[in-house]
Amino acid sequence: MSALEHPGLVFRSLDPFDGDEAQLKGWYEATRRGFHQSRGSDDGIKVWRDHIRTDSVTVLGAWTESSEFSSATMPVATFSSWTSPINVGGGASLPALLISDVTVSPTHRRQGLLRKLMTVSLADAVAAGVPLAALTVSEGSIYGRFGFGTATHLRQVEVDVTSKFRYRPEVPDDDGSVTLIEPADAWKTVAEIYATFQERTRGSVTRPQFYEPWLSSGYDFDSDSKGESKQRTALHLDASGTPDGYVVYKTADERNDSGLRMAKVVDMVALTPAAYLRLWRFLADIDLVERVAWHKAPVQDPLYWALAEPFAVKSAELDDMLWMRVLDVPTALRARPWYAAGEVVLGVEDPLGHADGSWRIAVTDGVAEVTRTDAAPTVTLAADTLGALYLGGVDVRTLAAAGRITGSPEAVETWAAMADGGPLPYCITGF
């Protein structure tokens, strides 16, 4: 913390196990204030404390020096982080610094507090040998200057589940079944299914502890109270009776802008296409529901192509999800999959210095050798563009067309052949 200094402010790292209780509660309240939430409850504080302890979260904040008109417990800036695996494709995972709870009070905006907290945290991650950093954001224009790029996307969809919801004749009948189960009883199976999804899915993030009270309905994050009474859980079982998918959803007396009765998917994971389509069939069969909304549908969604009336699926919005930052270029690039033999000298411009320099990348048989070099770059990009490209959520040609990758046409085509390929990354875990 010695690198964190600012006139009139005191920076602290709080111990989640044995920290000052008043300051811990004040930090929690500052994050709720920063995200325009109500003041927290004892139930909410307990869920948060369980998370920061279980996930070994580093809790940072900046407090004003004590005075008659300043809070001794509530900070004017907050920042939290912990290390957790991300699936980078090809069956490989790497540890990443996951960053959350970033707030700055409007009384202390434009004073460089976020930059101080971010740069120190990234430097500490580099010193600890963590090769990646990731976050999910509320404002997209802030984090590019720290080397983060949009790496995965989601679609917000609203599906007409009236008579328009019919599968094409080519869609095979599902030989499994769906069963309803109380969320608390389903949690162990839900966690196991997600763990398998995590192992298989490029871009997926290991879930932090607070997903348990949320998806098991032990805590209602919307009302900040114990117990979530509206959530339901359905499991899909394959032909042998083995669970291979689930959906957590809500139904209530809610209507969309057109006055149609709604259900909302909270979380859905399917390990097979059959389980995915069968869970959608289940949602369509819920009585007194005309539309089902899901804000975390995959960009390439088989549901659209499986329906006889594809216009039953309306895409409301394309959202960014995971923002990635490469801290250790050789470790990060060696781990991800590659799709063609070739060689480029990649020039990375990184104002923070972690990825900066020229890197020779030579791919043979799908394996990359990455070394620092003094050779002139044949392809050049900024650190945030490297982050966007890293998981394969956008291809090289698109970024080159946007002016974010430069080089000769031949070098860019070589880089594209090497880097582009494989499934789109898919992350449904926020933090």
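The values are calculated or read from the model by the stated rules, or taken from the named source; none is laboratory data. Keep in mind it's a predicted model, so treat the numbers as computed, not measured. Cβ: placed from backbone, ideal geometry, glycine included. Neighbour counts: every protein chain shown. Ligands, DNA and RNA are stripped out before the accessible areas are found, and what is left, the full protein with its side chains, is counted by its heavy atoms. Shrake-Rupley method; radii C 1.70, N 1.55, O 1.52, S 1.80 Å.
Listed values, structure above:
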| quantity | calculated |
| --- | --- |
| Residue, most open to solvent (accessible area, probe 1.4 Å), within segment 241-260, restricted to residues that are aliphatic (A, V, I, L, M) and closer than 19 Å to S229 by Cα | A252 |
| Pair list, Cβ < 6 Å and 6+ apart or interchain, from segment 43-57 residues that are closer than 18 Å to S223 by Cα to residues that are part of a helix (DSSP H, G or I) | I45/Y28; V47/P213; W48/Y28 |
| Members of segment 122-177 found to be under 19 Å from D356 (Cβ atoms) and either of a type in the set (A, V, I, L, M, F, W, C) or touching a Ser or Thr at 6+ places or on another chain (Cβ under 7 Å) (or both), listed by number | L122, A123, A125, V126, A127, V130, P131, L132, A133, F146, F148, G149 |
| Any hit, segment 25-42, residues being part of a strand (DSSP E or B), more than 17 Å from L4 (Cβ to Cβ) and open to solvent by 10 Å² or more (accessible area, probe 1.4 Å) | no |
| Candidates P169, P208, filtered to the one that is out of contact with any strand residue (DSSP E or B) (no Cβ under 8 Å at 6 or more places or on another chain) and not hydrophobic (A, V, I, L, M, F, W, C) | P169 |
| Pick from segment 128-173, criterion of a type in the set (G, A, S) and more than 16 Å from L391 (Cβ to Cβ), ranking: least open to solvent (accessible area, probe 1.4 Å) | G144 |
| Residue in segment 9-21 that is open to solvent by 70 Å² or more (accessible area, probe 1.4 Å) and among the polar types (S, T, N, Q) present | no |
| Within segment 335-356, considering residues that are part of a strand (DSSP E or B) and touching a helix residue (DSSP H, G or I) at 6+ places or on another chain (Cβ under 8 Å), the one farthest from A417 (Cα to Cα) | E349 |
| Per-region count, segment 384-431, residues open to solvent by less than 30 Å² (accessible area, probe 1.4 Å), in contact (Cβ under 8 Å) with a residue 60 or more places away in the chain and not in a loop (DSSP other than H, G, I, E, B) | 10 |
| Enumeration of residues in segment 60-84 that are within 14 Å of the chain's Cα centre (by Cα) and either surrounded by fewer than 16 Cβ atoms within 10 Å (Cβ to Cβ) or among the β-branched types (V, I, T) (or both) | T83 |
| Pairs where the first residue, in segment 344-358, is hydroxyl-bearing (S, T, Y) and the second is surrounded by 17 or more Cβ atoms within 10 Å (Cβ to Cβ), C-beta under 9 Å, 6+ apart | S358/V345; S358/L346; S358/G347; S358/V348; S358/P377 |
| Some residue of segment 43-57 being β-branched (V, I, T), more than 28 Å from the chain's Cα centre (by Cα) and either part of a helix (DSSP H, G or I) or surrounded by fewer than 21 Cβ atoms within 10 Å (Cβ to Cβ) (or both) | no |
| Strands (runs of 3 or more DSSP E) completely within segment 97-184 that count 3 or more residues being within 21 Å of the chain's Cα centre (by Cα) and in contact (Cβ under 8 Å) with a residue 24 or more places away in the chain | 132-135, 153-160 |
| Identity of the residue in segment 210-221, assigned to a helix (DSSP H, G or I) and not charged (D, E, K, R), that ends up most open to solvent (accessible area, probe 1.4 Å) | W214 |
| Answer residue from segment 294-312, given it is of a type outside the set (G, A, S) and assigned to a loop (DSSP other than H, G, I, E, B) and is nearest to D160 (Cα to Cα) among those | E309 |
| Subset of segment 261-288 [open to solvent by less than 20 Å² (accessible area, probe 1.4 Å) and in contact with a helix residue (DSSP H, G or I) (Cβ under 8 Å, 6 or more places away or on another chain)] | A263, V265, D267, M268, V269, W280 |
| Leading residue by the ranking (farthest from the chain's Cα centre (by Cα)) among those in segment 222-277 that are in a loop (DSSP other than H, G, I, E, B), within 16 Å of E158 (Cα to Cα) and in contact (Cβ under 8 Å) with a residue 24 or more places away in the chain | L260 |
| Residues of segment 85-114 that turn out to be farther than 25 Å from M321 by Cα and either crowded, with 24+ Cβ neighbours inside 10 Å or among the β-branched types (V, I, T) (or both), as a count | 1 |
| Extreme residue, surrounded by the most Cβ atoms within 10 Å (Cβ to Cβ), among residues of segment 188-206 that are aliphatic (A, V, I, L, M) and assigned to a helix (DSSP H, G or I) | V190 |
